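Novice: Let me give you the structure first, and then I'll get to my questions.
The values are calculated or read from the model by the stated rules, or taken from the named source; none is laboratory data. As the structure is a computational prediction, the values presented were derived from the model and not from experiment. Here Cβ is always computed from backbone atoms with ideal geometry, including for glycine, and neighbour counts include all displayed protein chains.
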Amino acid sequence: MPQFGAATIISSRTRLILADCYETLVALGPEGYQARRGIAEFVDHFCVRLAIPLSVVTDAEEAAAASALRQAGLLGRVGRIWHAGNALEVLASGRRLKRLDLVLAGEGVAAADAVFIGDSQLDAEAAARHHVPFIRVPRSEDAGFSFAALIAGPSRYSSGHFSATMVENLLGKKKDGR
């Protein structure tokens, strides 16, 4: 069975792109937060050329997300930041889930006309719960991934393959003594 979001594309019908912040749009590097590879091309294509707004949805505090986006050079390229203070639900289990329904209402866009891009199972669950098409991207450990790949079509990211590759890389490093 394909994973949820494996065939989702950003189409001409899309009126809003939502994206998780940490490990999706930005990654922490030695110099601080950096934009993920291919973000500039992605934003230029979808947000500038096609005029589809990009808003950030994070379970972090607004100031922290704004700081990370500023360091990565993305703060002026995204629209609103939806954050722990205005778009978060704490479930009975204690898990924190993004309230995409509040985001959609605030942006004035129907779920079918938006796309949510995230890196985690919780992001996928939030998208499914609120009926928002979802694109799953690998976390920043996958240096081969580029957001520019999403311009041409659906994400080819397979979480099972990526997990296996990460384990192989980890075992290889330990075996070599690194």
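Novice: For the stretch 147-161, state whether one or more residues are outside any loop (DSSP other than H, G, I, E, B), surrounded by fewer than 17 Cβ atoms within 10 Å (Cβ to Cβ), among the aliphatic types (A, V, I, L, M) and at pLDDT below 85.
Specialist: Taking every residue of the stretch 147-161 in turn, at least one turns out to be outside any loop (DSSP other than H, G, I, E, B), surrounded by fewer than 17 Cβ atoms within 10 Å (Cβ to Cβ), among the aliphatic types (A, V, I, L, M) and at pLDDT below 85.
Novice: Then there's this: Tally up the residues in the stretch 85-119 that are polar (S, T, N, Q) and farther than 22 Å from Pro53 by Cα, please. It would help to see each step written out before you state the result.
Specialist: At the first step, the residues of the stretch 85-119 found to be polar (S, T, N, Q) are 86, 93.
If we keep only those that are farther than 22 Å from Pro53 by Cα as well, we get 93.
Final tally of qualifying residues: 1.
Novice: While we're on this one: In the stretch 67-111, what residues are out of contact with any helix residue (DSSP H, G or I) (no Cβ under 8 Å at 6 or more places or on another chain), modelled with pLDDT under 95 and aliphatic (A, V, I, L, M)?
Specialist: Hits for the stretch 67-111 are Leu88, Val90, Leu91, Ala92.
Novice: Please determine, by comparing only the residues of the stretch 19-51 that are crowded, with 19+ Cβ neighbours inside 10 Å and more than 14 Å from the chain's Cα centre (by Cα), which one is modelled with the highest pLDDT.
Specialist: Residue satisfying both the conditions and the ranking: Tyr33.
Novice: Let me ask another. Does Asp59 satisfy being surrounded by 21 or more Cβ atoms within 10 Å (Cβ to Cβ) and under 20 Å from Glu41 (Cβ atoms)? Walk me through it before giving the result.
Specialist: On the way: surrounded by 21 or more Cβ atoms within 10 Å (Cβ to Cβ): yes; under 20 Å from Glu41 (Cβ atoms): no.
For Asp59, the condition - surrounded by 21 or more Cβ atoms within 10 Å (Cβ to Cβ) and under 20 Å from Glu41 (Cβ atoms) - is not met.
Novice: Among what's in the stretch 103-144 and is of a type in the set (Gly, Ala, Ser), closer than 21 Å to Gln34 by Cα and in contact (Cβ under 8 Å) with a residue 12 or more places away in the chain, pick the residue that is surrounded by the fewest Cβ atoms within 10 Å (Cβ to Cβ).
Specialist: At the first step, the residues of the stretch 103-144 found to be of a type in the set (Gly, Ala, Ser) are 105-106, 108, 110-112, 114, 118, 120, 124, 126-128, 140, 143-144.
Going one step further and asking which of them are closer than 21 Å to Gln34 by Cα, we end up with 118, 120, 140, 143-144.
This time we only want the ones that are in contact (Cβ under 8 Å) with a residue 12 or more places away in the chain, so: 118, 120, 140, 143.
Details: Gly118: 26, Ser120: 16, Ser140: 18, Ala143: 10.
If we take residues in the stretch 103-144 being of a type in the set (Gly, Ala, Ser), closer than 21 Å to Gln34 by Cα and in contact (Cβ under 8 Å) with a residue 12 or more places away in the chain, then Ala143 is surrounded by the fewest Cβ atoms within 10 Å (Cβ to Cβ).
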